[in-house]
Amino acid sequence: MSEDRIAALEAKLTALADQVGRHDDVLAIRNLQFAYGYFMDKCMFAEIVDLFSDEAELRFMGGVFKGKAGARRLYGGASGMNGPAHGMLFEHIIAQDIVHVAEDRRTAEGRFRTFMQGGVHRSKADAPPTIPPAFWEAGIYENVFIREDDIWKIHRFNYKVVYQASYAEGWANAPETPLMVSEHRRTFPDSPSGPDALEEQPPRWPKAVVMPFHYRHPVTGQPIRTPEPV
């Protein structure tokens, strides 16, 4: 076999190995994000915090939480819950995942949709008063992932609530202010469970707000223009 033929086969093998590696990366990132949803179902906050990188940044409801310390304040710090609780329902359905891995395979970006059924069973007498008996929630994640010690972790968590609505009244009657959560107004340590910084939040349903896409149009290759809220 000629040297040119050998070199061509080696190049093809290298390309195939990279392709398989990227496929494995996407699968690992999908599993990571889906694991987050299963942990959220049961308020398993210690497990959730371990999904993040050491220098993670978490953006939620107008607050920016930094590092593992910030993640611990966000998860469980406000509600006091930690672990499965009788009569509490927070079923997260995460779907429509679109993941892109960087050329160097050290970082990646992913967009996911979540649809949640939440509520409190009538048999639970000690439920937090802020949680409605039965409600819907929908939202979009635009997350950044990083490979640390050859393990994919969530590096920038960016979740935007699209709406929360009473199950009985439906999303056609969703209030502009979410039912269960509220925007952060104070930072840590002034607020013991607060974020490290504040940021402006986009309006929610019924405003037609488009969360910016991390990827280009799959056919034209052009950046996807983010229309202004209508």
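What the table below lists for this structure:
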quantity	calculated
Selection count, the stretch 84-119, where residues are closer than 26 Å to GLU148 by Cβ and either in contact with a Pro (Cβ under 7 Å, 6 or more places away or on another chain) or among the acidic types (Asp, Glu) (or both)	4
Residue check for GLU137: at pLDDT 90 or above and surrounded by fewer than 18 Cβ atoms within 10 Å (Cβ to Cβ)	no
Single residue of VAL26, VAL64, VAL49 found to be in contact with a helix residue (DSSP H, G or I) (Cβ under 6 Å, 6 or more places away or on another chain) and either within 28 Å of PRO212 (Cα to Cα) or without any contact (Cβ under 8 Å) to a residue 40 or more places away in the chain (or both)	VAL49
The stretch 143-176 - residue that is among the hydroxyl-bearing types (Ser, Thr, Tyr) and in a strand (DSSP E or B) and, of those, farthest from ARG105 (Cα to Cα)	SER166
Some residue of the stretch 91-100 being of a type in the set (Val, Ile, Thr) and assigned to a loop (DSSP other than H, G, I, E, B)	no
One residue from LEU51, LEU58 being of a type outside the set (Val, Ile, Thr), over 12 Å from ASP196 (Cα atoms) and modelled with pLDDT of 95 or more	LEU51
Flag for VAL20 being more than 28 Å from ALA125 (Cβ to Cβ) and touching an Asp or Glu at 6+ places or on another chain (Cβ under 7 Å)	no
Close pairs from the stretch 166-188: first closer than 15 Å to PRO203 by Cβ, partner at pLDDT 90 or above and surrounded by fewer than 13 Cβ atoms within 10 Å (Cβ to Cβ), Cβ under 9 Å, at least 6 apart	none
Residue, modelled with the highest pLDDT, within the stretch 61-108, restricted to residues that are farther than 27 Å from GLY221 by Cβ and hydroxyl-bearing (Ser, Thr, Tyr)	TYR75
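The values are calculated or read from the model by the stated rules, or taken from the named source; none is laboratory data. Bear in mind the structure is a predicted one, so any value in this text is a computation, not a measurement. FYI the Cβ positions are ideal-geometry reconstructions off the backbone, even for glycines, and counts take in every protein chain you see.
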